[in-house]
Structure formats: C-alpha cells, structure tokens
Amino acid sequence: NQPFPWRHAQRTSPFSVTSFSFSSPPLRKLPPTSLYITLFSVILSPSSSPSPLPTNLSPPPDLTTTMSREQELLAADIVDRGVVEGSQAFSVRVRRRLPDFLGSVNLKYVRLGYTYLLSHGVYFLAAPVLLAVFGVHVGRLTWQDFFPECHAVDALFIVGLLGLMLYIYFDLAPRSVYLVDFACFRPPNELKISKAEFIRLAKQSGNFTDASIEFQHRGLKNSGLGDSTYMPRSVFRPAPHKITLRDGREEAAMVMFGAVDDLLAATQIRPKDINILVVNCGVLNTTPSLASMVINHYKLKHNINSFNLGGMGCAAGIVAVDLARDLLTAYPCSHALVVSMEAVSYTWYSGNRTDMLLPNCFFRMGAAAMLLSSCRIDRWRSKYELKQLVRTHKGMDERSFKSIRVREDAEGKKGISFRKKETKPYIPDYKLAFEHVCILATSKKVLDELQSHLELTEEYMEASRKTLERFGNTSSSSVWYELAYLEANSRVKRGDRIWQIAFGSGFKCNSVVWKALRNVRKPRVSPWVEEPN
C-alpha cells in the first residue's frame, strides 16, 4: 500500500504485458500477492498506447471482478534481479495460463468417446495398417495384376480390403427395424360367447334395467360382431359382486402369456436374448406392472429395458412399436418384445348410462405379441421391414380430448364413456398406394365411415370386417389380428406394403407401414386356423 518509483513498462497489446520492471528501497520486501494484484490492475487497463503507470498499488474498485476472472487466464513470474544502481530490481513476466482441461471438459463425453473407441477399435487399429499396406501395394500393382495371373497375396489383400470396407459401411449405415414374427392369442372355446348368450347372461346378472338390456341388444345387432367372440364370464356375476384387481390380472396373464408363448415357439428365440420389452394396456394398470409380470414369468435378464404404457387407448399398440423402434435404433443389434392387450373385465360397465354401455357391446378378449429386431442378420428370417410410422395427437382440442374417457357414473360404477356427438377421427393425408390396409376394428359404423372417407374398396376392408366379426374389438391388438387374417389367406406377397391404422382416446390417430420381405406362407399356428376337434 505504499507508492513505488516505477521505471519501465512494455505492452504488446492493450490487455497484456510481456515485461515489467520497477525499483524499490533495497530492504523493502514485497508480498507476492500484492505484486500480482498490482500487476493485473495495470495489465487490464485498456489503452491503445503506453500511458503513465499509477503509483498506487491498490486496484480500482470497478476492475476487481474483471481481475479475478483474468487471474484464472493469466500467470505471472517474478524474478529477483538483485540490487541495480542502489535499488532493488524485479523482473515480472506475464503469460497466458494453460487451460484447465479437467475443469473445462465434461468427463461424461470423455467416457462416451472412450466407449466409442473401444466399440469401434477394430477400425482404428486395422485401418492404418491396411492403408499403409495398401499404399505399398498400389505402387506395385498394374492392370495385369487384377487378372487371374496376379499373385495370390495381392488378390487376397484386395478381397480383404473390400470386405473391411463393406463391413464398415454396413456397420455405420442406418439400421432398419424388422418384424421377425408376431402372434395373436385365441382364447379357449369355453369363453366363446354369442350375441344371444350375451343378452341372457346380462339379464341374469341383475345389474341392468330393461332399458339398458334393450340398448345393448340394439348395439350388438348393429355392431358387426359375430357369435364366436370371447369374453370372461366374471363380468356377468350377479350383484353385489364387483370386478376385482385379481380378475384383471388373471385375464391379463391368460392373454399375454398365451400370445408370447406362441411367438417364442414360432421364432425359437430364447428369453435371455430379448433386450427390450414394451407392454401396453389401456385401462388395467397394476403394481407390479404388466411388464414386470412378463419379466417374472419368462425370467428375462436383469438389465432389460422394460416399459409399461397405460391409458393410451386403442392406438397404444403403434405407440409401443414406435418406442421399440427408437430403442432398437439406440441399441443396435437388439431384439424387442412388444405386447399389446386390453383387459375386458376392467372395461366392463355394470351401470345404466347409455354412453357407457357401448363398450360392453364391442370390446372382447385378445392380445398380440411382436418380435422386432435391428440385427441385419435377422433380415433373412423376418417377415416385414418397418418403412414408416406416423403419430398424430388431437388432444389440444377440448372436444377431441373428452371424446373417450374412463369415468364413474352417479352410483360410482366405472366404465368407458363415449361422447354422444359424433367425433370424426383425424385421417392423415396419404398419397402412396398400399396393397393391404388394416384399420382398427372398432365397430361396423366406424368402419363404414372410414371406408367412405378413404374411398377404399371392399377388398381393402375385408381384413378389418372379418376381424370385427370373428374376434370383436380387441383394442390395440386388433390390427394384428387383421394382418394374421391376410397371412392365413396367403394374401401377402414379397414387396407388398401393409398399412396399419389405429385411433383411440386423446384423440390419437397412429399409422405404420410394413413392407413384406418375402411371400408369407400360411402359418401353422394362427388365430384364424381352427384346431382339429
């Protein structure tokens, strides 16, 4: 804090000093900290030309913050030059400090780079060697060397180089997602129910008024359902019985495990080779989840990426495929198991509100399981390749948002409510041609409306109408029963494009396009192939 007679200052820029000297009394010892602060206050004084240096060693107050920041970027060395002309002399050198790499680099990215280097180490190790050898050989090769009389070593080298280039190309190129196979569950015959039996059991339950019975009778008559759909008998138990969580879990276990068992038998894949699991169910959500039930039943590996989608309605099946596709892209050469289902016992409504009785007339038991793969080696045995997937959500519109929802009536009975006013589904504007169309088999009226909007022929609508008649509305798995119908009738040929479109609460409209990789033969196990008595 005492003035010193400054001798000399030399600046190379307005904000840097390369050399610095001053004199002080011989016995006076300067604290290094004071020197650094003083020097930086001089260094940071912007000027285009040299100016007289201050004699006060205290930095100006407005430069304190800037000084602390610049001290992290600059370093100063003080050299004692001894006594010169009777005064103590110092020499100060200011230089830019080396960056703090440890503090400025995020170690997460270092780890990712290290992992990438290890996973692609064969490229980094083999490429320089092969390039060096290739450079030596190219200088010696002539046109004749590419003919049969060329040396075996050169020919082998060229073949190996081409093989490596192809390997690198296929490994780094974007991967396709393949549908190896799928399976749809057909419940046992004792769960079959006709429209007449449905009305009879509904009357015996004592839960419905005569007006509600008549409403359901008319609904069944115009629904497009046949007399061979499937329903759990627990929903027809007389009052005061209520559907329990146990009823829902038992139904879910039956349909899920039945579909997955058929899929594993058809693909011969081991459960431990499944890396990703996605299960979707609209209404039934338990703890542990349905995905956990699958993991526990099949003893899947502990590091599996599992997801459980709920509350997304009949369009959730394509949402599950979309999620599986993203995960397969993130984890190359992996297998994903997708399970789509609905628990009819949890969609059942035992009250008398007409807007909540419609689901009783349409929803039936069913589930589908799909095996997806991002392994190129699985292309030869896969049935389809995923070409396009589009998802649309109209939830920002209040009318669409409330069109389909789970609610309770005045008596506290839960069910699915459909808005009385007609809600037209959002239809995507498509221009491509498809050989086959699988539209969610909701009801006859909805299929008629969609056929009119899309201007589809009866041939395109056949799979949807047949599925609705034979199995009813199986929710998100419906589009897979329709594709199974096409396969059972040998309709799918190599190169055919299949468009699956589903819609549900929210309001959502999702679609996916598959391309057949081969002529699909009639499967041995199919919900459409009746077992011999």
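Computed over the stretch 191-338, the convex hull of the alpha-carbon atoms projects to a mean area of 10.6 nm². Over 18 Å apart at the Cα level, from the set K272/K299; K444/K466; K301/K387; K387/K466, are K301/K387; K387/K466.
The modelled label-to-label distance for the pair L456/I377, using points 7 Å beyond Cα in the direction of Cβ, is 3.9 nm. Taking Cβ atoms as reference points and 11 Å as the exclusive limit, the residues near K444 contribute a net charge of 0, counting Lys and Arg as +1 and Asp and Glu as -1.
Can you give the net charge of the other residues whose Cβ lies under 15 Å from the Cβ of K301, counting K and R as +1 and D and E as -1?
Working: positive: R270, K272, K299; negative: D273.
Taking every Cβ under 15 Å from that of K301, the sum is +2.
Using the Cβ of Y346 as centre and a radius below 9 Å, the other residues enclosed give a net charge of -2, where K and R count +1 and D and E count -1. Leaving out ligands, DNA and RNA, and with a 1.4 Å probe, what % of the accessible surface on the stretch 176-330 is carbon or sulfur? Of the solvent-accessible surface of the stretch 176-330, carbon and sulfur hold 51 percent. Solvent-accessible area assigned to carbon and sulfur over the stretch 460-533 amounts to 44 percent, based on a 1.4 Å probe.
Starting from the Kirkwood Rh over alpha-carbon pairs, what translational D in µm² s⁻¹ does the stretch 224-284 have by Stokes-Einstein at 4 °C and 1.567 mPa s? If you can, show how the numbers build up before the last one.
Working: Rh = 14.6 Å.
Taking Rh from Cα pairs, D becomes 89 µm²/s.
The values are calculated or read from the model by the stated rules, or taken from the named source; none is laboratory data. Since this is a predicted model, take the numbers as computed values, not measurements. When we count neighbours, we look across all protein chains shown, and the Cβ atoms used for this are built from the backbone with ideal geometry, even at glycine. Areas reflect the complete protein model, heavy atoms only, side chains present, ligands, DNA and RNA absent. Shrake-Rupley method; radii C 1.70, N 1.55, O 1.52, S 1.80 Å.
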